[in-house]
Amino acid sequence: MKIGIVGAGMVGSAAGFALVMQGIASEIVLIDLDEKRARAEAEDIAHAVPFASSAVVRAGGYDDLHGAWVVILACGVGQKPGETRLQLLGRNAEVFRSVVGQVLPAAPEAILLVASNPVDIMGQITARIAGLAPGRVIGSGTILDTARFRWLLSRHLGIAPGSVHGYVLGEHGDSEVLAWSNARAGSVPLASFAAQVGAPITEDVRARIDKGVRRAAYTIIEGKGATWYGIGAGLARICRAIGGDEQAVLSVSVPGDVLGVQDVALSLPRVVGAAGVTATLWPELDEAETEGLRASAELLKGLVEAV
Ligand code: ADP
């Protein structure tokens, strides 16, 4: 599968690395305004290829995207001193307008996978700009928050993360909702499994895991400036679902109506395959989670309308 990556910063490059190490991509084209950076990242990633796969990795221009199945959008500009979040969003919307306008003529069949933050807003803006069929513009959303949730639960329960089923829903950000009430381990409700293995989910455990998921990015940014490996692997996971037409259920962000809020992009469990997102599953939530999700939808709706 040929994959384009626009934005060869830390996130775009980590995605490229994860894609070659897992043998998901046969060809990767890295594009960046900073061409020297794109060439350097492409060469560095290419040197990992002999250890894992046989992918072709190179830097290129938009014309080189021809035939790409997926184009990851990980480009963007950073916050200037004194700039508000909304002003930054406006500038990044302009970047995306220019980038999407160049990606689409070169790769009209591609699914656009948006990684730039705030990802729900950028995904919704991209969907509006691109005008592609619904589900063909996907925001990575809470794919990473869900992974963090499963990982922390798996550590507590002493089982593999892949045996934990639970989702983080809503915004990829502070208003996200950890769907505790329907989380399972194996096929067993979480509380029952936890009691059976002698690792009950006490209020303290729950608070620790909740904080671990919500504060993860802040803690990592404090230590190393930014996060990239986790989201890079999450983007590769979404590409694998598309390339293999897996119909995998992943928490990703696409626009839709949520609890009375019209046309808002946020994450719910969604079916992902070669055509992109083809279905959304409505999770069974308790009252507090439902209200949390509604609040998350309203917050995002307000932001996207402001942009
Ligand atoms: P992150 O940590 O999210 O990866 P970075 O700042 O490391 O953020 O990467 C963003 C990348 O996007 C930078 O390499 C930057 O040069 C690139 N970029 C910014 N604007 C554009 C654009 N219009 N077209 C292509 N690349 C862009």
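The values are calculated or read from the model by the stated rules, or taken from the named source; none is laboratory data. In this text, all values refer to a predicted model and were calculated from it rather than measured experimentally. Because the Cβ atoms are built from the backbone with ideal geometry, glycine has one as well, and the counts that use them run over all protein chains shown. When the accessible area is computed, the model is the full protein with side chains, heavy atoms only, and any ligands, DNA or RNA have been set aside. Shrake-Rupley method; radii C 1.70, N 1.55, O 1.52, S 1.80 Å.
In region 209-227, of all residues being free of Cβ contacts under 8 Å to residues at least 24 places away in the same chain and basic (K, R), the one that is least open to solvent (accessible area, probe 1.4 Å) corresponds to K224.
Among the conditions (1) in a helix (DSSP H, G or I); (2) farther than 30 Å from V261 by Cα, G198 misses just one, which is (1). Does L268 count as part of a helix (DSSP H, G or I) and in the same structural domain as G162 (by the TED database)? Considered against the rule, which asks whether it is part of a helix (DSSP H, G or I) and in the same structural domain as G162 (by the TED database), L268 comes out as no. Exactly one residue out of G131, G101, G139 is without any contact (Cβ under 8 Å) to a residue 24 or more places away in the chain and either in contact with a helix residue (DSSP H, G or I) (Cβ under 6 Å, 6 or more places away or on another chain) or open to solvent by 10 Å² or more (accessible area, probe 1.4 Å) (or both), and it is G131.
Within region 273-307, the set of residues being among the hydrophobic types (A, V, I, L, M, F, W, C), closer than 20 Å to D145 by Cα and touching a Lys or Arg at 6+ places or on another chain (Cβ under 9 Å) comprises V277, L281. On inspection, K80 fails the criterion of being of a type in the set (K, R) and open to solvent by less than 60 Å² (accessible area, probe 1.4 Å).
Can you tell me which residue within region 249-297, out of those that are within 17 Å of L178 (Cα to Cα) and acidic (D, E), is least open to solvent (accessible area, probe 1.4 Å)? Per the criteria, the residue is E289.
I'd like to check something: does region 2-16 contain any residue that is closer than 21 Å to G232 by Cα and more than 15 Å from the ligand (Cβ to nearest atom)? The answer is yes, given that some residue of region 2-16 is closer than 21 Å to G232 by Cα and more than 15 Å from the ligand (Cβ to nearest atom). Right, F96: crowded, with 18+ Cβ neighbours inside 10 Å, outside any strand (DSSP E or B) and away from the ligand (no atom under 16 Å from the Cβ) or not? For F96, the condition - crowded, with 18+ Cβ neighbours inside 10 Å, outside any strand (DSSP E or B) and away from the ligand (no atom under 16 Å from the Cβ) - is not met.
Against the list (1) open to solvent by 20 Å² or more (accessible area, probe 1.4 Å); (2) not in a helix (DSSP H, G or I), the condition L113 fails is (1). Residue check: is I209 outside the structural domain of Q79 (by the TED database), of a type outside the set (S, T, N, Q) and in contact with a helix residue (DSSP H, G or I) (Cβ under 6 Å, 6 or more places away or on another chain)? Answer is yes for this residue. Evaluating G230 against the criteria (1) more than 15 Å from the ligand (Cβ to nearest atom); (2) in contact (Cβ under 8 Å) with a residue 12 or more places away in the chain; (3) not aliphatic (A, V, I, L, M) leaves one unmet condition, (1). Given the conditions (1) more than 26 Å from D120 (Cα to Cα); (2) within 16 Å of the ligand (Cβ to nearest atom), report the number of the one that A55 does not fulfil. In the conditions (1) more than 26 Å from D120 (Cα to Cα); (2) within 16 Å of the ligand (Cβ to nearest atom), A55 misses (2) alone.
Among the residues of region 142-169, those that are open to solvent by less than 10 Å² (accessible area, probe 1.4 Å) and under 17 Å from A194 (Cα atoms) comprise F149, L153, S154, V164, G166. For region 34-44, the count of residues that are within 27 Å of L132 (Cα to Cα), within 11 Å of the ligand (Cβ to nearest atom) and either among the charged types (D, E, K, R) or in contact (Cβ under 8 Å) with a residue 40 or more places away in the chain (or both) is zero.
The residues of region 17-30 that are within 13 Å of the ligand (Cβ to nearest atom) and buried (at least 24 other Cβ atoms within 10 Å of the Cβ), listed by number, are V29, L30.
On inspection, A199 does not qualify as closer than 23 Å to V252 by Cβ and surrounded by 14 or more Cβ atoms within 10 Å (Cβ to Cβ).
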